[in-house]
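Notes follow once the structure below has been shown.
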Amino acid sequence: MSSPPAASHSPAIERAQSADDERLDSERAGQRLTLILFAGILALAIIGTTVSVVASSVMHGGRTTAPRTSTLANVNTGASSPQHISLSVVPGSKPGPKGEKYDAFSKTNFAVKVGRPLQLTIDNKDDAVHSITAASAGVNVVVMPGVHTYTIVVGRAGRFKWICAYPCDPYSMATVGYMQGYITAT
Ligand SMILES: [Cu+2]
């Protein structure tokens with residue numbers, strides 16, 4: 001009859017020990033979990049900081065650089081980016097008063113802003129050279145055969161007559177709308 005108490009004693013001790021072990025285990029597990037959580041939070045904090053630094057630098061780029069760039073682009077568009085016109089020079093293309101056709105520029109009146117470049121892309125279909133020459137405006141575009149882009153800049157306001165300085169069709173050379181025209185600078 002002494003074995004049951006001993007038997008009951010020792011499982012109780014074992015139970016207590018195992019309970020202690022479990023407690024220790026759970027404490028260790030808890031510590032481990034705390035450590036993992038702490039490391040996790042630390043990692044998240046680092047990532048979060050990095051992300052927020054990157055995000056703020058991107059946002060700064062967006063808030064400061066981009067509007068400045070677009071403002072500059074707007075200023076450029078409004079003030080200094082060149083205007084552009086395409087035209088052609090075609091021999092025997094424009095009818096005269098009697099129905100004959102004469103050499104002509106397809107466009108002979110040009111509006112420019114003072115001091116602002118005007119680009120002219122001219123397709124000269126003639127095999128001869130023509131020109132847009134207005135000495136009083138400081139303009140002398142020598143129009144070579146083929147397609148080329150020329151830039152004119154007029155330094156003062158006014159309405160300036162231009163002529164073709166290269167001998168070509170006599171009627172055209174003497175007539176506005178053919179080999180003569182006006183540059184109006186405002
Ligand atoms: Cu000409």
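All of the numbers you see were taken from the coordinates with simple rules; none came from a lab. Because the structure is a prediction, the values reported are computed rather than measured. Methodologically, a virtual Cβ is constructed for each residue, glycine included, from the backbone with ideal geometry; neighbour enumeration extends over all protein chains shown.
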- Item | Relative frequency of Cα-Cα separations exceeding 20 Å in segment 83-185, percent | 31
- Query: Cα to Cα, under 28 Å, and not fewer than 8 places away if on the same chain: which lysines meet these conditions relative to Lys101?
  - Reply: Lys125, Lys161
- Message: With +1 on the Cβ of every Lys and Arg and -1 on the Cβ of every Asp and Glu, and nothing else charged, how large is the dipole of segment 83-185 about its Cα centre, in debye rounded to the nearest 20?
- Response: 480
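For segment 83-185, what's the relative contact order in percent, using C-alpha pairs closer than 8 Å and at least 6 residues apart?
Working: 256 pairs, mean separation 31.7, N = 103.
With pairs under 8 Å counted, the relative contact order is 31 percent.
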- Ranked packing of 164-171, 114-121, most packed first, by mean Cβ within 10 Å: 164-171, 114-121
- Projected onto the charge dipole of segment 83-185 (unit charges on the beta-carbon of Lys, Arg, Asp and Glu, signs +1, +1, -1, -1), the Cα from Leu120, Gly155, Gly96 with the largest positive-side position is that of Gly155
